[in-house]
Amino acid sequence: MSILNDKIQAYIQDIQATQIENIQDRAARVEMFRVKYLGKKGVINELFEQFKTVPNDEKKELGKALNMLKAAATNKIEEFKAFVEEHQTQESTNDLTMPTDFSELGSRHVLSVVMNEIIDIFSRIGFTVAESVEIEDDWHLFSALNFPHDHPARDMQDTFFVEKEEGRQEVALRTHTSSVQVRVMENNKPPIRIIAPGRVFRNEAISARAHCIFHQVEALYVDKNVSFADLKQTLLYFAKEMFGEQTQIRLRPSYFPFTEPSAEMDISCGICGGKGCNICKGTGWLEILGCGMVDPNVLKACGIDPNEYTGFALGMGVERMAMLKYQVRDLRLYFENDLRFLKQFDSIV
Ligand code: DAH
């Protein structure tokens, strides 16, 4: 047999032995394979050129062999292409230079959005964020805040106690962020102007209107000559920033152990404009927060001289703020992680 035929047979064997599994960068390799055999200056065209010069009596057999080679190369390429196509998706996940798959953007939880907004509003008038522990002792939760020993908040029914050992201070999940006031006053000298956002815990049955975990923001301002007028102006500023320029406020006398005098603030109902609706229960007003002048006993307990300094404090529930701002009717929605609920706040950054 001629040398040419030997060459052709060797190529055919080579083609048939080429396994796609061995090819790493498949698409590029397939193309290289195609160029090598079927390209303009490829093996097969070159062999056809040589074919022209072979003696006539060898042409029949060589022609047949050449056509077999061409068919083998073409078939192999078809086989490779099908394989590449089949593995395209797998291929693309392996290619680190490929752009990533589109994934939906998440959004902040509505409670974070509202909490950040409250922080923003207060930071614009010089309040800085203070944070503290969620597991607190009796002193910071109650005693330093002037709670009498028999106050119902100290009861198991309201408070989750963590530890109750003979002769040791009781430790509980904090029931309010007012405990941060105490920690800040113990460790800093006035002027103090802080805002304390955080999670609080109460032993409540979960319903549309109550939850055992919720969030509060506490504010505290202690300095010389801080007056009730400062508190009132701060409240008005906050209400307008949070609920709109047209918002009005009113203060009702109230009682908290740690403030004297104490008040609760209402804002004019933004839903009905004060005419009365089912949100404000027909009153035209919505209860928003508790506040007051820091009780001198609290200042004293925290090492601040009440004859030299005065202060105001206020505390609000974040869930309630979000309820009023976005008309959320059921507290449980905040914690259920139902995307149909969460997605409604997508556009809020
Ligand atoms: N700690 C109170 C509560 O959990 C809220 C509160 C009321 C905080 C009046 C204050 C305040 O600072 O002055 O219900």
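The values are calculated or read from the model by the stated rules, or taken from the named source; none is laboratory data. As the structure is a computational prediction, the values presented were derived from the model and not from experiment. Cβ: placed from backbone, ideal geometry, glycine included. Neighbour counts: every protein chain shown. To get the accessible areas, we keep the full protein, side chains included, count just its heavy atoms, and leave off ligands, DNA and RNA. Shrake-Rupley method; radii C 1.70, N 1.55, O 1.52, S 1.80 Å.
Yes or no, residue by residue, for (1) open to solvent by less than 50 Å² (accessible area, probe 1.4 Å); (2) within 16 Å of the ligand (Cβ to nearest atom); (3) aliphatic (A, V, I, L, M):
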| residue | (1), (2), (3) |
| --- | --- |
| E287 | no, yes, no |
| M293 | yes, yes, yes |
| N297 | no, yes, no |
| C302 | yes, yes, no |
| E308 | no, no, no |
| G317 | yes, yes, no |
| R329 | no, no, no |
| L333 | no, no, yes |
| R340 | no, no, no |
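Scanning region 204-211 for residues that are more than 14 Å from the ligand (Cβ to nearest atom), out of contact with any helix residue (DSSP H, G or I) (no Cβ under 9 Å at 6 or more places or on another chain) and of a type in the set (K, R) turns up nothing. Residue check: A27 meets all listed conditions (1) without any contact (Cβ under 8 Å) to a residue 24 or more places away in the chain; (2) under 22 Å from H87 (Cα atoms) but one, namely (1).
In region 142-174, which residues are within 16 Å of the ligand (Cβ to nearest atom) and touching a strand residue (DSSP E or B) at 6+ places or on another chain (Cβ under 6 Å)? Reasoning before the result, please.
At the first step, the residues of region 142-174 found to be within 16 Å of the ligand (Cβ to nearest atom) are 142-148, 151-155, 157-160, 172-174.
The answer is T159, F160, A172, L173, R174.
Selection within region 212-251: residues that are under 30 Å from G303 (Cα atoms) and of a type in the set (D, E, K, R). The member of this set that is farthest from the ligand (Cβ to nearest atom) is K224. Total residues in region 1-22 satisfying the condition of being aliphatic (A, V, I, L, M) and modelled with pLDDT under 80: the figure is 2.
If you go through region 146-185 and pick out every residue that is aliphatic (A, V, I, L, M) and within 18 Å of G292 (Cα to Cα), you end up with 4.
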